[in-house]
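Below is one structure; the comments refer to it alone.
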Amino acid sequence: MRLHANPFSSIFGGAPRRGIPCVARRPRTMVVLAAKKGSDKKGGDKKGAKKSALADLLKKKEAGAASSGSSAPAQPSQYDNPETRMLAFQMCDSYWRLTGKYLLEGVDFQRLPAALYRAPFALLAHNKFQEGVTDPIYIYGNRAALELFETSWEELLATPSRKSAAEEDAAAQQDRNGLLERAAQCGYVTGYEGWRVSKGGRRFKIREVTLFNIMDREGTKLGQAAVFDQYELEDGTVVRITADPRDDPEAAAAPAVPTPEEVAAAEAAVAQQAAHVRALKEEKGMSNQDIPVQIAVLELKQRKEALGELQRRLQEALEASRAAFEDEEEEGEGGQEQRK
């Protein structure tokens, strides 16, 4: 996967401040790119092939994977709210400042949370540097990560990140801890690979991982995030995470006509966020130059646009209904004239 230069440069300004890159120690054995012939493991007599994560997951479901290891998609209210939006901002900002590259291309700030969640790579974050935390838990996982680790948004955010590696595997835990500490000291680590385990017990090796510190604009470390777009199964097959067909805009269903309750809820959401912006300025003395105010204003703008979209769809539905009613009246009048 190629990662490019920062799309938020117009927001942030200036050149990235890079940390000292750390390169993960490579294993001495050759990286397997396909299933080995004659392997003792299941599937070893078949040729390995690169395939999409979706195909791998569909195959697993068709084979009747245990329900305890299944994942459920997160709702927009979970990955696209003010708190998670701030985290998404900080992850992208930190990645760019440390590496001089960016995670997504051509995505504006408003669409960032949804784009990160649906991105063609796995992205996970934990609260390693939070005050008082000795056993970090996950604070973020996008859709690819949730599917790979066979868990849900709620379950992931209650899971200690150490459980991503088999707890009984001392070597894997030691390797993981060393990775976290190197990133903490250097800012980020690239080229890492290591074995992980899903909630359902499936083992896989994450490959070409970049682990980086999440920081605020003052450089205070808040947590760490890991991003990768490929992993290896136990039979040696390499799986690349790709775009999900469910995100094809042409395949999306036509939006339903909004109800009066939905419009009223959107209006209330706008009023609530407007009050929040005023409170930040009047009660906390912040200005438009402060990041929390900028985030809150962008949230207000998004809510206003959502309200406007609901009102537009409702107006179009009313006009279509009125036009259909007028057509029926004209047809009825024409039928009466013919009978005369």
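No lab work stands behind these numbers, since they all come straight from the coordinates. In this text, all values refer to a predicted model and were calculated from it rather than measured experimentally. Please note: Cβ atoms are built from the backbone with ideal geometry, for glycine as well, and neighbour counts cover all protein chains shown.
Lys/Arg Cβ at +1, Asp/Glu Cβ at -1, dipole of the range 254-330 taken about the Cα centre: which of 271, 295, 285 is farthest positive-ward?
Among 271, 295, 285, the one farthest towards the positive end of the dipole of the range 254-330 is 285.
Pairs of alpha-carbon atoms within less than 8 angstrom and 6+ residues apart define the contacts here; what relative contact order does the range 254-330 have, in percent?
Relative CO of the range 254-330 lands at 41 percent.
Go through the range 264-274 residue by residue and turn each phi into a ³J(HN,Hα) via Karplus (6.51, -1.76, 1.60, θ = phi - 60°); whole Hz please, and just put x for glycine and proline.
So the Karplus estimates, Gly and Pro as x, are 5, 5, 5, 5, 5, 5, 5, 4, 5, 5, 4 Hz.
Contour minus end-to-end for residue 274 and residue 108, with contour as 0.36 nm per residue of separation and end-to-end as the Cα-Cα distance?
Extending this stretch completely gives an extra 57.6 nm.
Which ordering of 93, 175 is given by a fewest-first count of other beta-carbon atoms within 10 Å?
On the way: 93 21, 175 17.
Ordered by Cβ neighbours within 10 Å, fewest first: 175, 93.
Tell me the net charge near residue 168. Cut-off is 15 Å between Cβ atoms, residue 168 excluded, with +1 for each Lys or Arg and -1 for each Asp or Glu.
Net local charge, residue 168 excluded: +2.
If each of residue 203 and residue 135 carries a label point 7 Å out from its Cα toward its Cβ, how far apart are those two points in nm?
2.4 nm
Any idea how far the Cα center of the range 92-149 sits from the one of the range 293-315, in Å?
Using only Cα atoms to place each centre, the spacing works out to 24 Å.
Can you put 214, 295 in order of Cβ neighbours within 10 angstrom, beginning with the fewest?
Least to most surrounded, the residues fall as 295, 214.
Length gain on complete extension for the stretch residue 262 to residue 171, per 0.36 nm per residue less the alpha carbon to alpha carbon distance?
27.5 nm
Which order do 309, 193 fall in if you start with the one that has the fewest other Cβ atoms within 10 Å? Don't skip to the answer; put the middle values down first.
Values: 309 13, 193 18.
Least to most surrounded, the residues fall as 309, 193.
Local charge sum around residue 303 (other residues, Cβ-Cβ under 11 Å, Lys/Arg +1, Asp/Glu -1)?
Numbers: positive: 301, 304; negative: 267, 299, 305, 309.
Result for the local shell: -2.
What's the FRET efficiency of residue 323 with residue 244 using the Cβ-Cβ distance as r and R₀ = 30 Å, to the nearest 0.05?
Working from the Cβ atoms, E equals 0.20.
Once all Cα-Cα distances of the range 254-330 are split into 5 Å bins that start at 0, what whole-number percent is in each one?
It works out to 3, 15, 18, 16, 12, 10, 9, 7, 4, 3, 2, 1, 0, in whole percents.
Given a Förster distance of 35 angstrom, what is the FRET efficiency for residue 287 paired with residue 181, based on the Cβ-Cβ distance and rounded to 0.05?
0.35
Taking a ≥ b ≥ c as the square roots of the Cα gyration tensor eigenvalues, with a/c under 1.5 meaning rounded and otherwise prolate when a/b beats b/c, else oblate, which class fits the range 117-239? Intermediate results must be reported in sequence, preceding the final value.
Working: a/c = 1.44, a/b = 1.39, b/c = 1.04.
Note, shape of the range 117-239 comes out rounded.
Tell me the net charge near residue 287. Cut-off is 15 Å between Cβ atoms, residue 287 excluded, with +1 for each Lys or Arg and -1 for each Asp or Glu.
Here the charged neighbours net out to +1.
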